[in-house]
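Enquirer: My structure is below; once you've seen it, I'll send some questions.
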Amino acid sequence: MKSHGGLWAKITAPESFRSAWVRVRRGHAGSESVQEFAGNLDANLAALRDDLLDGRYRPGEYRQFRVNDPKPRTISCAPVRDRVLHHALCGVVAPLLELSFTEDSYACREGKGTHRACRRARDLVRSFPWYCKFDVRHYFDSIGHDRLLAVVLPHFRENEVRTLIETVVRHPVPGLPEGSGLPIGNLTSQWFANAFLSGFDHFAKESVRVPGYIRYMDDMVVFAESKAACWQSLSAAETWLRDERGLELKAEATRLAPASEGLPFLGLRIYPACWRLQRQRFMRTRRKFARRERECAEGVMDEKRLQACAAAADGAVRWFGFKNILKTQMAWAAG
């Protein structure tokens, strides 16, 4: 594993914070906290940079709220200044972490994402008669800080970078036990959680030698020529995830089935000959459109961001070939 240096100066460069601010502000210009930060932007960015350089930086308290998308989850939202720091940090370290990823990992990566993950899953469904799908129970809440830092920190040489990463990871999240859990909502959480399972990707392909495999965050699918081979891969996965990462598979969500029955994956049911949008995802997208419309009307979201959401949905229509779905969703949201 290559350890990278010369990163601290890049993370703390004034232009790094300016670029990070642009990304944080995108789509949230109407947010009260974002407007407050923007009201004294230069001074706020300079103070954040000074705190980092002087070793005084401490994360603020999370604001928490519940969502049902599609299942109940607690979202922990960091203060704006911390989100700026997260983007500045990830803008430098994330591409270096990604160097250790395999091509089978599709979450949070430029040039990957849900669309390409579904197309890759369709190719695998067409190529193998059996699959086994499994995911981790309470994944983000179950990530141990010591284990995570043992995976992430060796990639970086500078003490300042390592200390900053540890500060972000160990910052306590209300409702989670000390020493474990990453807050859903942080950009850093997405990247570190993805890196935490990169070792399993290598294990599956290089040690177990599964002939077909794909992962989207903690949703994993192995493909094989027989049911027995899928069982063997599942057993190996359970052991590795427990022993190497301290994680438990969600037994009730594990599915071993013939590819002809369709693979439920990222809101679709993928068959060898076609794919279908699962009703749960369709209804969730409907609700999201309605919420975005309300946020735009209330000034929380700007019109440009709403148009971007519509363009993203239109992109899904083009990618997946679903006819009339976007039209139906937007009519319902306007309704």
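Enquirer: If you go through segment 49-84 one residue at a time, how many are of a type outside the set (S, T, N, Q) and closer than 16 Å to L182 by Cα? Please lay out each step first, then the result.
Expert: Initially, segment 49-84 is screened for residues of a type outside the set (S, T, N, Q), giving 49-63, 65-67, 69-73, 75, 77-84.
Going one step further and asking which of them are closer than 16 Å to L182 by Cα, we end up with 59-63, 65-66, 73, 75, 77-79, 82-83.
Total meeting the criteria: 14.
Enquirer: I need the full set of residues from segment 2-55 which are surrounded by 14 or more Cβ atoms within 10 Å (Cβ to Cβ), under 23 Å from R162 (Cβ atoms) and among the hydroxyl-bearing types (S, T, Y), in order please.
Expert: T12, S16, S19
Enquirer: Examine segment 56-67 for a residue that is of a type in the set (F, W, Y) and surrounded by fewer than 20 Cβ atoms within 10 Å (Cβ to Cβ), and state whether such a residue exists. Talk me through it step by step, then tell me what you get.
Expert: Keep residues of segment 56-67 that are of a type in the set (F, W, Y), which gives 57, 62, 65.
Narrowing further to those that are surrounded by fewer than 20 Cβ atoms within 10 Å (Cβ to Cβ): 57, 65.
Yes, segment 56-67 contains at least one residue that is of a type in the set (F, W, Y) and surrounded by fewer than 20 Cβ atoms within 10 Å (Cβ to Cβ).
Enquirer: I would also like to ask the following. Exactly one of (1) touching a strand residue (DSSP E or B) at 6+ places or on another chain (Cβ under 7 Å); (2) closer than 18 Å to A236 by Cβ; (3) crowded, with 18+ Cβ neighbours inside 10 Å is unmet by F200. Its number?
Expert: (1)
Enquirer: Sticking with this structure for a sec: Outside any loop (DSSP other than H, G, I, E, B), farther than 22 Å from P172 by Cβ and not charged (D, E, K, R): does that describe V67? Explain how you work it out, then say what you get.
Expert: Working: outside any loop (DSSP other than H, G, I, E, B): yes; farther than 22 Å from P172 by Cβ: no; not charged (D, E, K, R): yes.
So V67 fails the test.
Enquirer: For segment 99-148, what are the residues that are within 26 Å of E225 (Cα to Cα), of a type in the set (S, T, Y) and in a loop (DSSP other than H, G, I, E, B)?
Expert: T102, Y106
Enquirer: Do we find that M301 is modelled with pLDDT under 90 and in a loop (DSSP other than H, G, I, E, B) in this structure? Before the answer, list the steps.
Expert: Working: modelled with pLDDT under 90: yes; in a loop (DSSP other than H, G, I, E, B): yes.
Judged against the criteria, M301 is a match.
Enquirer: Which pairs turn up if I take residues in segment 148-177 that are touching a residue at least 60 places away in the same chain (Cβ under 8 Å) and look for partners that are outside any helix (DSSP H, G or I) and of a type in the set (A, V, I, L, M) with beta carbon separation below 7 Å, at least 6 apart in sequence or on another chain?
Expert: P154/M1; H155/M1; F156/L7; E158/L7; V161/L7
Enquirer: State which residue is surrounded by the fewest Cβ atoms within 10 Å (Cβ to Cβ) when the search covers only segment 117-164 and only residues that are basic (K, R) and within 12 Å of F265 (Cα to Cα).
Expert: Our first condition is that a residue be basic (K, R); within segment 117-164, this holds for 119-120, 122, 126, 133, 137, 147, 157, 162.
Now narrow it down to the ones that are within 12 Å of F265 (Cα to Cα): 119-120, 122, 133.
Values: R119: 15, R120: 20, R122: 20, K133: 21.
Ranking the candidates gives R119 first.
Enquirer: Is there a residue in segment 79-98 that is surrounded by fewer than 14 Cβ atoms within 10 Å (Cβ to Cβ) and either touching a residue at least 40 places away in the same chain (Cβ under 8 Å) or assigned to a loop (DSSP other than H, G, I, E, B) (or both)?
Expert: We begin by selecting, within segment 79-98, every residue surrounded by fewer than 14 Cβ atoms within 10 Å (Cβ to Cβ); these are 95.
With either touching a residue at least 40 places away in the same chain (Cβ under 8 Å) or assigned to a loop (DSSP other than H, G, I, E, B) (or both) added as a condition, the list becomes none.
No, segment 79-98 contains no residue that is surrounded by fewer than 14 Cβ atoms within 10 Å (Cβ to Cβ) and either touching a residue at least 40 places away in the same chain (Cβ under 8 Å) or assigned to a loop (DSSP other than H, G, I, E, B) (or both).
Enquirer: From (1) touching a residue at least 40 places away in the same chain (Cβ under 8 Å); (2) in contact with a helix residue (DSSP H, G or I) (Cβ under 6 Å, 6 or more places away or on another chain), pick out the condition that doesn't hold for G30.
Expert: Among (1) touching a residue at least 40 places away in the same chain (Cβ under 8 Å); (2) in contact with a helix residue (DSSP H, G or I) (Cβ under 6 Å, 6 or more places away or on another chain), G30 violates only (2).
Enquirer: Could you identify the single residue in L97, L124, L53 that is within 18 Å of the chain's Cα centre (by Cα) and not polar (S, T, N, Q)? Let's see the steps before the verdict.
Expert: On the way: L124 fails: within 18 Å of the chain's Cα centre (by Cα); L53 fails: within 18 Å of the chain's Cα centre (by Cα).
Just one listed residue meets the conditions, L97.
Enquirer: Which number in (1) among the basic types (K, R); (2) under 20 Å from F192 (Cα atoms); (3) at pLDDT below 95 marks the one condition that R66 misses?
Expert: (2)
The values are calculated or read from the model by the stated rules, or taken from the named source; none is laboratory data. Being a predicted model, the structure only gives us computed values, none of them experimental. For neighbour counting, all protein chains shown are included, and Cβ atoms are generated from backbone atoms with ideal geometry for every residue, glycine included.
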